[in-house]
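First up is the structure itself, then whatever we jot down about it.
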Amino acid sequence: MIGRLRGIIIDKQAPEMLIEVAGVGYEVQLPMSSFYHLPEPGQEAIVYTHFVVREDAQLLYGFTDKLERAMFRELIKVNGVGPKLALAILSGMTANQFVQCIEDNNVTGLVKLPGVGKKTAERLLVEMKDRLKGWVGADLFNPAMPVSQDNVSVVSAADEKSEAIGALISLGYKATQAEKMVKQVYSEGASCESLIRDALKTMA
């Protein structure tokens with residue numbers, strides 16, 4: 001089991017990054033709540049990981065906090081919720097916001113997430129209710145938190161826009177929906193990460 005990686009970020013394109021550890025490059029998928037906290041390529045990062053082995057692939061999922069990883073592990077225990085959907089859930093809301101949805105029986109809040117229909121939302125409410133009793137954790141990502149301009153790469157506006165759309169599609173949104181979400185929040189000079197963050201806020 002690979003539980004933690006410490007190395008240099010070689011490349012990152014939401015929701016994935018390539019991190020080099022002792023000469024080996026690991027491809028890691030992260031929820032956007034963790035992705036926002038990554039430093040720029042060339043800098044060191046530490047991520048807590050969950051390793052999944054399938055017949056056709058070996059996949060690494062990364063998190064900047066152990067609590068977020070713990071929530072991910074609880075989510076994938078739910079019938080019908082795989083790693084991709086768990087990442088989408090943790091990209092659309094923080095772990096604490098998800099806990100609040102469960103405690104409030106908030107089906108409406110859950111079905112706004114990509115891939116979560118009414119049946120899945122109801123299943124989450126039933127199966128997660130007992131598991132999350134006594135959950136204590138700090139919010140890892142504040143949707144209103146600005147992205148540091150020191151960490152924004154200089155690329156064309158078209159690239160930022162298309163990357164943001166691509167990231168939302170990777171999280172499970174349909175192409176037309178992703179385009180609409182980004183168009184709704186787009187402003188000249190906005191970074192890819194801020195576009196994704198603001199687009200996800202429109203679904204909150």
Amide H contacts under 5 Å for Asp11, restricted to residues at least 5 apart in sequence or on another chain and with H modeled in the peptide plane, are Leu18
Sorted peptide list for 164-170, 180-186, criterion being average Cβ within 10 angstrom, highest first = 164-170, 180-186
Given the pairs Lys12/Lys161; Lys84/Lys129; Lys77/Lys201; Lys133/Lys201; Lys112/Lys174, which span a C-alpha to C-alpha distance of over 19 angstrom in this model?
-> Lys84/Lys129; Lys77/Lys201; Lys133/Lys201
Using θ = phi - 60° and Karplus 6.51 cos²θ - 1.76 cosθ + 1.60, couplings along segment 193-199 (whole Hz; Gly, Pro as x) = 5, 5, 5, 5, 4, 5, 5
Using the Cα atoms as the points, what is the convex hull volume per residue of segment 152-201 in Å³?
-> 63 Å³
Rg and Dmax of the chain, Cα atoms, in Å?
-> 16.5, 47
Report the FRET efficiency, 1/(1 + (r/R0)^6), for Arg4 and Lys118, where r is their Cβ-Cβ distance and R0 is 25 Å, rounded to 0.05.
-> 0.10
Computed, not fitted: 222 nm per-residue ellipticity of the chain from DSSP H runs ≥ 4 (each -39500 (n - 2.57)), nearest 500, equal to -12500 deg cm²/dmol
Table column - 3J(HN,Hα) (Hz), segment 10-22, Karplus curve with 6.51, -1.76, 1.60, x for Gly and Pro = 8, 7, 8, 8, 3, x, 10, 9, 10, 10, 9, 10, 6
Rounded to whole Å and sorted largest first, list the principal axis extents of the Cα atoms in segment 67-131.
-> 24, 20, 20
Listing Ile8, Ile19 from the residue with the fewest other Cβ atoms within 10 Å to the one with the most, what is the order?
-> Ile8, Ile19
For Val81, enumerate residues with amide H under 5 Å from its amide H, sequence gap 5+ or separate chain, H modeled in the peptide plane.
-> none
From the backbone phi of segment 92-102, what are the Karplus-calculated ³J(HN,Hα) couplings (6.51 cos²θ - 1.76 cosθ + 1.60, θ = phi - 60°) in whole Hz, Gly and Pro given as x?
-> x, 7, 6, 4, 5, 5, 5, 4, 5, 4, 5
Where does segment 4-63 land on the Kirkwood hydrodynamic radius, alpha-carbon pairs, in angstrom?
-> 11.4 Å
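None of the figures in this text is laboratory data; all of them are computed from the coordinates on show. These numbers come from a predicted model, not from an experiment. Glycine gets a Cβ as well: all are built from the backbone with ideal geometry, and neighbour counts include every protein chain shown.
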